[in-house]
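Colleague: Provided herewith is a single structure, encoded as structure tokens, for subsequent inquiry.
Only the coordinates and a few stated rules stand behind these numbers; no lab work does. It should be emphasised that the depicted structure is a prediction, and the values quoted were computed from it without experimental measurement. Cβ placement follows ideal geometry from the backbone for every residue including glycine, while neighbour counts extend to all protein chains displayed.
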Amino acid sequence: MYNDTVLPNAMESFDEFARRAAGKRVVFFLDYDGTLTPIVARPELAVLSAGMRETVTELAALSTVAIVSGRDRQDVEKLVQIDSLFYAGSHGFDIGGPRGRQLQHEEGASAIPRVERAEVELQAALQSIAGVIIERKKFSVAVHYRLVREEDLKTIKISVDEVLSRTSGLRKKDGKKVYELLPDIEWDKGKAVRWLLEKLHPGDSGVLPIYVGDDTTDEDAFRELRDSGVGIFVGASPPQTLARYALRNPGEVEAFLRRWVARG
């Protein structure tokens, strides 16, 4: 069931977390954009601060930590630069970590030629629209419209939908000021989180997974962990979410993680 009221603040409810985590092996799953870094105009400007990098590094010394992002895995690895983490890129289609565990979704890989065709069509259809950014990833292509004029938004949506209608085997995923075309496969951030839990802690009922994210794409993970973990939404509480708690912004995420690290 979705929460449709204001979520309790995770910092203010910190003692509840501490009690629930007592005797558990806590695993942190963290989105990147909008969670560890503020939302910025261009994807390449989302740089992790020194304070957040230090905090996440110290957190990883105490608990298993995975970054779960819509970005390519190699892209987010370069931005974070912490070798002790697990990384699930491309909404979980590409997973790797420090222990040599890797998963590249086979069906997702087979869809790469279709993603390539969609990228070519999107470049042709949207080249005249100022501010649009078409970002090619290994398993998807994203159309960012944060810098686009209001009067061009409808054209972008129509163009994306037309390309999608001509390209079988892809689906559209909406995010914050972005449309993304990716393989039409039953795989998402939630499935990636479950896969990682099963690989890292198979059959372990003593694990408490905590997922922190800010976007509609993170709802899949909140749903997956609804009964077995804790979801924390970052930002103003949405009208409906499967998260149980909220943090206001990446600064508060850092403060929350820093407080967790201080517990030892």
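Colleague: Greater than 30 Å separation of Cα atoms is the criterion. Which listed pairs, K24/K137; K137/K191; K78/K154; K138/K191, meet it? Mind showing how you got there, number by number?
Modeller: Details: K24/K137 36 Å; K137/K191 20 Å; K78/K154 34 Å; K138/K191 19 Å.
Those over the limit are K24/K137; K78/K154.
Colleague: So which GluC sites (Glu not before Pro) in segment 1-81 end up in coil per DSSP with only 11 or fewer other C-beta atoms within 10 Å?
Modeller: Values: sites: E12, E16, E44, E54, E58, E77; in loops: E12.
Here the GluC sites (Glu not before Pro) that fit, given the DSSP loop and packing criteria, are E12.
Colleague: Just need the relative contact order of the chain here, percent rounded to a whole number, with Cα pairs under 8 Å and 6+ apart. Display every interim value, and only then the final one.
Modeller: Values: 473 pairs, mean separation 66.2, N = 264.
Taking the mean separation of contacting Cα pairs over the length of the chain, I get 25 percent.
Colleague: Take every Cα pair under 8 Å in segment 108-183 that's 6+ residues apart, average their separations, divide by the length, and report that relative contact order as a whole percent. Provide the component values of the computation, followed by the final result.
Modeller: Values: 113 pairs, mean separation 26.9, N = 76.
Dividing the mean separation by the residue count of segment 108-183 yields 35 percent.
Colleague: Let me ask another. Using 1/(1 + (r/R0)^6) with R0 = 22 angstrom and r between the beta carbons of R149 and T216, what's the FRET efficiency to the nearest 0.05? Mind showing how you got there, number by number?
Modeller: Working: r = 23 Å, r/R0 = 1.06.
My answer for the efficiency is 0.40.
Colleague: Of L62, L153, F233, whose Cα points farthest to the positive end of the dipole of the chain (charges on the beta-carbon: +1 Lys, Arg; -1 Asp, Glu; origin at the Cα centre)?
Modeller: Farthest along the dipole direction, towards plus: L62.
Colleague: Additional query: What is the distance in Å between the Cα centres of segment 228-264 and segment 161-185?
Modeller: First find each Cα centre; the distance between them is then 29 Å.
Colleague: Write down Rg/Rh for segment 46-181, rounded to two decimals, with Rg from the C-alpha atoms and Rh from the Kirkwood relation over Cα pairs. Each step should come with its number before you reach the end.
Modeller: On the way: Rg = 17.0 Å, Rh = 16.3 Å.
For segment 46-181, the value is 1.04.
Colleague: Now, a different point. By counting other Cβ atoms within 10 Å of each Cβ, how are H201, H144 ranked from fewest to most? Kindly include the intermediate steps, with their values, before the conclusion.
Modeller: Details: H201 15, H144 21.
By the 10 Å Cβ count, ascending: H201, H144.
Colleague: Let me ask something else. When a/c reaches 1.5 or more, the comparison of a/b and b/c decides; with that in mind, is segment 167-210 rounded, prolate or oblate per its Cα gyration tensor?
Modeller: Values: a/c = 5.77, a/b = 2.23, b/c = 2.59.
The shape class here is oblate.
Colleague: Show me the GluC sites (Glu not before Pro) within segment 144-235 that DSSP assigns to loop and that have at most 15 other Cβ atoms within 10 Å of their Cβ. Mind dumping the intermediate values first?
Modeller: Values: sites: E150, E151, E162, E180, E186, E198, E219, E224; in loops: E186.
In loop regions of segment 144-235 (DSSP not H, G, I, E or B), the sparsely surrounded GluC sites (Glu not before Pro) are E186.
Colleague: Where the convex hull is taken over the Cα atoms of segment 108-183, what is its projected area averaged over directions, in nm²? Working shown, then result.
Modeller: On the way: hull surface 17.3 nm².
The number I arrive at for segment 108-183 is 4.3 nm².
Colleague: For segment 133-264, rounded, prolate or oblate, judged on the Cα gyration tensor with a ≥ b ≥ c (square roots of eigenvalues), a/c < 1.5 rounded, else prolate if a/b > b/c? Before the final figure, lay out the partial values.
Modeller: Values: a/c = 2.64, a/b = 1.57, b/c = 1.69.
Cα axes put segment 133-264 in the oblate bin.
Colleague: To continue, here is another question. Please list, by residue number, every one of the trypsin sites (Lys or Arg not before Pro) in segment 11-99 that is coil in DSSP and has at most 12 other beta-carbon atoms within 10 Å.
Modeller: R99
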